[in-house]
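Remarks on the structure that follows.
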Amino acid sequence: MAAKNRNSVAADPDTPGATGGSPYPPRTQRSGRGGYGDPPRHALRKPPNDNAYLAADDLVFAYAPGAPVLQGLTMALARGRLACILGPNGSGKTTLLRILVGLLVPAEGRVRLAGTPLEQYPRGALARRVAYVPQETLAAVGFTALETVLMGRSPHTGALGFESTGDWHAAREALRRTDTERFAQRGLEDLSGGERQRVIIARALAQEPDVILLDEPTSFLDIKHQHGIYGLLRRLVTEEGKTVVAVSHDLGLAAAYADRLVLVDEGRVAAAGTPQEVIRPEVLSPVYETPVEVRTDEATGRPYVLPRPPA
Ligand code: ADP
Ligand code: MG
């Protein structure tokens, strides 16, 4: 199992020069602001783990003694990629995200962001770089949507915590991008689950981080807003060079939008790679303990899972 994990990471299609089969043009051809200080691509021809922007090395974690949740989980993501983390209920996806953002500390192993172990970042610096959108969105009840989104600016506001014009602008822009402007003055508790989820995503955008981690961001959303959110995540990656990691149970959305999929099973990476590499019956069936039938979308070349009831 451990050898399998390492192989899946070594086969990192994010490594420059690899043919990952992504329908998206290579980053050098993409439009966008640039300016994220990426070294030239030829300078990145190194072993994949050194190239990683966000890396988890051999993470071991348990909430209680004798009940391991992560059991040597290793993954690596290049900068400017959209990755989806897949896996059965209880496989450790939320735990992994919470470790990646520094909310939980692994018993063994470590997380590296831009090559530096997470624990070496001062709190404020980490908050400016990494945003986390948790699955439960009831935490900020009692505030309006606009107030909630402004909270995303707190890593940027001065010592006294007064918002600048720039902070208000960032908050308004985040509401606009998540189609939540009309809820600005509404209390979070007066919004539907899906509306509230988009406001929490807006809060993460207002934070203007390099890395955005989202835990099942579309679980309450209708298909319009599912595509709205994943389309937005895609643009953040392609046009602004952000690195986005989203946990998803929706294999179809993940395969349609992600550059890279990481399949977690019992606290380890069972498979990682492009959608074409991971969305395969022989990969998914054993992990989900259910038959899976895969087709290819002729229009995009991307795979999808047929929603066919098991016989
Ligand atoms: P996933 O997000 O993949 O569904 P989680 O990371 O939430 O999985 O949980 C992995 C395992 O850890 C599950 O068995 C879950 O019951 C357990 N777990 C999660 N959070 C806690 C906690 N706060 N205390 C104890 N056990 C937990
Ligand atoms: Mg979870």
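Bear in mind these aren't lab numbers, they're just calculated from the coordinates by the rules spelled out. Keep in mind that this is a model prediction, so the values were computed, not measured. With ideal geometry, Cβ positions are generated from the backbone for all residues, glycine too; neighbour counts draw on all protein chains shown.
Send over the Kirkwood Rh of the stretch 114-222, from the inverse of the averaged 1/r over different Cα pairs, rounded to one decimal Å. Walk me through the numbers before you get to the answer.
Details: mean 1/r = 0.0706 Å⁻¹.
After inverting the pairwise mean of 1/r, the radius is 14.2 Å.
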The answer for the per residue Cα convex hull volume of the stretch 153-275, in Å³, is 136
Residues meeting the amide H criterion for ALA131 (H placed from the backbone, H to H distance under 5 Å, 5 or more places apart or on another chain) are VAL211, ILE212, LEU213
Amide H proximity to ILE85 below 5 Å, modelled H, separation 5+ or other chain, gives ALA246, VAL247, SER248, VAL262
Fewest-first ordering of TYR304, TYR132 by Cβ atoms within 10 Å yields TYR304, TYR132
Computed ³J(HN,Hα) along the stretch 220-227: with the Karplus parameters 6.51/-1.76/1.60, θ = phi - 60°, integer Hz and x for glycine or proline, the list is 9, 9, 6, 5, 4, 7, 4, 5
Quick P(r) readout (the stretch 71-112; Cα-Cα; 5 Å bins; whole %) gives 5, 18, 31, 28, 15, 3
Bounding extents of the stretch 203-272 in its principal axis frame from Cα atoms, largest first in Å, are 34, 27, 20
